[in-house]
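Each remark here refers to the structure printed beneath this line.
The values are calculated or read from the model by the stated rules, or taken from the named source; none is laboratory data. Worth saying up front: this structure is predicted, and the values here are computed from it rather than measured. Using ideal geometry, Cβ is built from the backbone for each residue, glycine included, and neighbour counts are taken over all protein chains shown.
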Amino acid sequence: MYSVQVFRLTPKTVFFVPFETSTWWTMTFPPTRTWTRLCVPQENTTLGKIMFSNDSTRGSNRWHVIRVRSGCQTEVINLSEAFFPITTHYIGHTVPCCLDNCALCDWKPQRGLFYLAVYCLSRTMMLELGAQSSGHLEQHAKLMHHGLRSGQVIRCQRRGQKQPIYTEITDCQQNVTAVAPIDLASKVMALYKLPCSNPGDTIDDYSSRLAGIVRIRNERLALELKKGVSKGL
Ligand SMILES: [Zn+2]
């Protein structure tokens, strides 16, 4: 792809032309004093990749969350070998708990949430389950299907508002690739507006990095809660 810029040269105009990068060429045409700049993108130069580009094959950075509502039923294909568990607090909305020195633990009960990467409606999504529902599914998978594996077709159903989600593995598709646990972790934490993992991060590296951020965030939230309580809110 080439682009050409043509512009008039005025007496006060000064151009900086970085010839050493070999990226720009400038040619002058004396009769009209018109300059033409030919822009040639180059690969494998010392400049590296161009920042303002996009890899369209990556698609959206966010995965939708499947929360099965009362009276609903859905079927998903499992893409995880294990649940990704996090501990949370509910303060009008759900926030992650850092467990160690968490300021919210003194104020709000802990609640476990469990996530599986799944395939549904031609998209990669996350299935969110509570402690009881995930326990049922894990036990069912262990007893009947040698554990959770990618390709398992999971039917999810919820009969009532206060009922846990009923899950059952009904089929298994072959040659389905599992999502890496660090990728699932990254997508789950993005739900809570936390940064994604760095390339080469292990789950432990990522966990300790986020724990520091969550600790500071929860201290601030606990302070706001204390102010609300003292004002009688
Ligand atoms: Zn906590």
What number of residues within segment 103-138 are closer than 17 Å to PRO85 by Cα and either of a type outside the set (A, V, I, L, M, F, W, C) or not assigned by TED's automatic domain parsing to the domain that holds ALA222 (or both)?
13
Taking segment 80-91 and the residues there that are of a type in the set (A, V, I, L, M, F, W, C) and surrounded by fewer than 17 Cβ atoms within 10 Å (Cβ to Cβ), the one that is nearest to the ligand (Cβ to nearest atom) would be ILE91
Tally of residues being exposed (fewer than 15 other Cβ atoms within 10 Å of the Cβ) and over 24 Å from THR87 (Cβ atoms) across segment 139-151:
4
Suppose we filter segment 171-193 for residues that are touching a Ser or Thr at 6+ places or on another chain (Cβ under 8 Å) and part of a loop (DSSP other than H, G, I, E, B); how many remain?
5
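For (1) within 16 Å of the ligand (Cβ to nearest atom); (2) surrounded by 18 or more Cβ atoms within 10 Å (Cβ to Cβ); (3) among the aromatic types (Phe, Trp, Tyr), each residue gets a yes or a no:
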residue	(1), (2), (3)
ASN78	no, yes, no
HIS93	yes, no, no
ASP100	yes, no, no
ARG111	yes, no, no
ARG123	no, no, no
ALA131	yes, no, no
LEU137	no, yes, no
VAL153	no, no, no
GLN163	no, no, no
